[in-house]
Amino acid sequence: PKVKKHQLNSFAVDVSEGESKCGKRRQVLTPQRTKIGRNASIATANALAQQQHHQSNQGLPHDALTTRIMDMFKDPAGSVHYLNSESFAKDVITLSRRAQNILGDEPRCLFLQSPSYVFGDIHGNLEDLHFFSDNIWRLGMSLTAGTFVFLGDYVDRGKSCLECVAYLLAMKCLLPYKVVLLRGNHETRDVNGWEEHYGDRSFIAQCRNRFGDEIGYLVWEEVNRAFDRMPLSAVIDQDIFCVHGGIPRATADNLNNNRIQEILSVPKVAGINPPYDHEDEISQRVSSDCIWSDPASEDQEQTTVNVHTGFGDSLRGGGAICFGHKAVTDFLKRHDYSFIMRAHEAHAEGVAVSKGARVFTVFSTSKDHNQGSRAMAGCILVDSEKLQVINRSPAYKNQYVHRRDSVSLHDLSPREIEMRERVGLVVEKQPSMETFDEEEEDEIEGEWEDMEDDECYTHQQRHTNVNSQHDRSRRMTGIMEEDEDTSDVDDEEIEKEKRLTTV
């Protein structure tokens, strides 16, 4: 068989503001010869980047706030009092406001050059995020070659949502060109405000439990405002399409079937679920497809996928879709891409391959998704024509998360243990593989099936569940702003994919 080569061409893609025939302002794609080879001088690349971007999108220098966040990430056990303080709440609010300015200046689809590290769902798992920090950017992101692409779902399910969000937003503010934060379905208010479903593992509950109702809702809303401005996708080397869920369906008025252009036409501030008043039906559908869709299973390929479009209804319900072999083929052929990298579904191996090895599913948390004690967290290194999977071994031990029966806790008072539990540094002891009997397994599987059934609620039901919390947080937005000056708040091959679990 003929092997297709995917050498980098000499063209880059520029995203600029343009005007349609009807006078509507929109972002347009313009190919241009501005690609910089990876062997080019780092200083030259930095100098050109500074000239080509607006000053408001420049990285911010280290200050006391980012120093506190970096210290917290390096030693969360030593920052327990700070993590439970109002000072941390104010820092998260300030970081969110800084990130809003940077994220708002980015196009809804970013164009990147390898090397790039691609990460999947984090879901508040500080332990696995710390593993990547220890092994990938050990010397710091600024001294590590390439970009870091996170595919969304930073919150919910895990116990350290606030810590993960604070760290990632801080890194985005410090290194806006190296850190790429894409949006997932959990970066919407309908999902991360669904406390009735996720309980104390929901993002809104963690904000409220940590800081109280008033400040907690304000923190939740301000972080969601940053989420509203996150890009939906990225393209690496004009060859790999990165997105949280999957590829969007073409719209009726898109004559040339350019999905990238449709993504670029999404408003820079979009609530999605629920939408803002300025979001039209088309842009909302494109956004929802990007953050909610999944690859179709073999059964779905035979039953629900439309043979003409390649798309079908997802098991998630609520208007979500799945995309089959035809949809993948059409999308890759139209845009001359080779692969799709997405997240959104749990897999015990960290990385899964589907649709003829053209779709990669990356999952970067090993916990909270019923994948067992041997589950791994993974990421992918894209380096020119090489794709390398990097996984966290189950044998890897971190330095700060302890079980309740750990000897390292014997000198701590009940109050100190409680504070560590609140930020996820103390966890309940998990059953070992030797003592994990069938009765325990059946019980846990039953609980997980119930959660999967709940996850198939429609978007409208999620919207109803969170409306009262959303409205309340909107009304409270001004509470802390008045005091700003005094508070310093500036988803199968049948065998390979049957383990994929709804996220």
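Please give the number of the condition A234 fails out of (1) among the small types (G, A, S); (2) assigned to a loop (DSSP other than H, G, I, E, B); (3) open to solvent by less than 10 Å² (accessible area, probe 1.4 Å).
With respect to (1) among the small types (G, A, S); (2) assigned to a loop (DSSP other than H, G, I, E, B); (3) open to solvent by less than 10 Å² (accessible area, probe 1.4 Å), A234 is out only on (2).
Pull up segment 319-341, narrow it to residues that are open to solvent by less than 20 Å² (accessible area, probe 1.4 Å) and in a loop (DSSP other than H, G, I, E, B), then point me to the one that is nearest to N125 (Cα to Cα).
A320
Of the residues in segment 133-169, how many are more than 20 Å from R210 (Cα to Cα) and not basic (K, R)?
20
If you go through segment 291-310 one residue at a time, do you hit one that is farther than 26 Å from K367 by Cα and open to solvent by less than 10 Å² (accessible area, probe 1.4 Å)?
Yes, segment 291-310 has at least one match.
So for segment 194-211 (the condition being assigned to a helix (DSSP H, G or I), charged (D, E, K, R) and buried (at least 24 other Cβ atoms within 10 Å of the Cβ)), does at least one residue qualify?
Within segment 194-211, none of the residues are assigned to a helix (DSSP H, G or I), charged (D, E, K, R) and buried (at least 24 other Cβ atoms within 10 Å of the Cβ).
If I go through segment 245-290 residue by residue, how many of them are in a helix (DSSP H, G or I), under 14 Å from F311 (Cβ atoms) and open to solvent by less than 10 Å² (accessible area, probe 1.4 Å)?
Residues that pass the stated criteria total 3.
Quick one: in segment 85-111, which of the residues that are of a type outside the set (G, A, S) and open to solvent by 30 Å² or more (accessible area, probe 1.4 Å) is farthest from I340 (Cα to Cα)?
Going through the qualifying residues, I end up with E86.
Filter segment 147-168 down to residues that are open to solvent by less than 20 Å² (accessible area, probe 1.4 Å) and in a loop (DSSP other than H, G, I, E, B), then give me how many there are.
Going through segment 147-168 one residue at a time, the tally reaches 9.
Per-residue answers, yes or no, for (1) over 19 Å from the mean Cα position of the chain (by Cα); (2) among the β-branched types (V, I, T); (3) assigned to a loop (DSSP other than H, G, I, E, B):
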position: V92; (1), (2), (3): no, yes, no
position: S114; (1), (2), (3): yes, no, yes
position: H123; (1), (2), (3): no, no, yes
position: E127; (1), (2), (3): no, no, no
position: F132; (1), (2), (3): no, no, no
position: A145; (1), (2), (3): yes, no, yes
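Take the residues in segment 386-410 that are more than 20 Å from L129 (Cβ to Cβ) and at pLDDT below 85; name whichever of them is nearest to the chain's Cα centre (by Cα).
In this case the residue turns out to be R404.
If you take the residues of segment 157-169 that are touching an Asp or Glu at 6+ places or on another chain (Cβ under 9 Å) and of a type outside the set (K, R), which of them is modelled with the highest pLDDT?
Checking each candidate, the answer is A166.
The values are calculated or read from the model by the stated rules, or taken from the named source; none is laboratory data. Fair warning: this is a prediction, and the values are worked out from it, not measured in the lab. Note: ideal-geometry Cβ built from the backbone for every residue, glycine included; neighbour counts use all protein chains shown. Only protein heavy atoms, including side chains, enter the accessible area calculation; ligands, DNA and RNA are left aside. Shrake-Rupley method; radii C 1.70, N 1.55, O 1.52, S 1.80 Å.
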